[in-house]
1. Over 28 Å between C-alpha atoms is what I'm after, so list which of Lys112/Lys137; Lys53/Lys102; Lys13/Lys137 land there.
2. Collect residues whose amide H, placed 1.01 Å from N in the peptide plane, falls under 5 Å from the amide H of Ile152; neighbours closer than 5 in sequence don't count.
3. Taking a quarter of the surface of the convex hull around the Cα atoms of the chain, what do you get in nm²?
4. Tell me the relative contact order for the chain as a rounded percent, counting alpha carbon contacts under 8 Å between residues six or more apart.
5. So what is the 222 nm mean residue ellipticity for the chain from helices alone, if each DSSP H run of at least 4 adds -39500 (n - 2.57) and you divide by all residues, rounding to the nearest 500 deg cm²/dmol?
6. Could you work out the longest stretch of the chain that avoids the trypsin sites (Lys or Arg not before Pro) located in DSSP loops with at most 12 other Cβ atoms within 10 Å?
7. In the stretch 68-164, which GluC sites (Glu not before Pro) are in a loop and have at most 11 other Cβ atoms within 10 Å, using DSSP for the loop call?
8. Helix 108-122 versus the longest principal axis of the chain: what angle, 0 to 90°, nearest 10, using Cα atoms?
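Every read-out reported here was derived from the displayed coordinates using simple, explicitly stated rules and does not represent laboratory data. Remember, predicted model here, so these are calculated numbers, not experimental data. Every residue, glycine as well, gets a Cβ built from its backbone with ideal geometry; the counts of neighbours run over all protein chains shown.
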Amino acid sequence: MTMRTTFTLNDLKANRPLLEEAILKSLSLQAPTLEIRTNDELLCSAYIIEVKKTSISSWAEAIVILANLELHWLEEWGRELKDDDLSNIINLWLLPEFETYKPRMLDASQIKEIINQFRKGIENIRPSHMEVLVDGKHSDSDFRSVLPGEKIVSGLTLRHEWNDVELVYETASCYGLYSWGTGA
């Protein structure tokens with residue numbers, strides 16, 4: 001069953017208990033990460049972070065969990081929290097990030113089309129000019145088969161600009177965050 005979003009980002013920002021619970025939950029979840037880096041300034045890089053759907057109860061929770069996992073991954077933070085960390089993550093990192101979102105629900109074909117734009121762009125890049133990493137380790141995986149690995153059933157764009165794309169998608173078994181940006 002596909003969960004459709006029935007919230008606004010203002011609702012999410014106003015629901016402090018959901019934010020806190022989702023952040024704490026995210027720190028204990030397995031979250032495989034696929035990253036593709038290119039030496040091409042226009043194509044630059046993309047990454048996907050996924051969490052099992054059984055761990056998440058709503059789209060709102062999925063967005064908070066994935067945003068927090070992305071933050072920890074990008075900043076290379078550990079998964080333990082100190083006294084003020086929870087409040088700081090919410091007030092200094094996540095809420096300002098949520099302010100930049102322009103959410104829009106899309107169907108599966110629209111989400112796949114956005115992801116395929118990057119895939120098509122890197123198909124002709126020589127392997128020596130590209131690196132595929134799975135959970136931070138070099139991989140010889142064929143990235144075309146893992147972007148994402150399952151059929152997408154729905155999605156929500158958070159940002160969709162010419163040089164910056166961020167979206168959350170849903171498959172039968174997981175929620176995922178796809179992010180792509182140029183070096184320009």
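1. In this structure, Lys13/Lys137 exceed 28 Å between Cα atoms.
2. Amide H neighbours of Ile152: none.
3. 10.2 nm²
4. Normalised by residue count, the contact order of the chain is 31 percent.
5. Rounded to the nearest 500, the figure is -9500 deg cm²/dmol.
6. The segment 5-78 is the longest one with no such site.
7. On the way: sites: Glu70, Glu75, Glu76, Glu80, Glu97, Glu99, Glu113, Glu123, Glu131, Glu150, Glu161; in loops: Glu76, Glu80, Glu123, Glu150.
For GluC sites (Glu not before Pro) across the stretch 68-164 that sit outside H, G, I, E and B with at most 11 neighbouring Cβ atoms in 10 Å, the list reads Glu76, Glu80, Glu123.
8. 50 degrees
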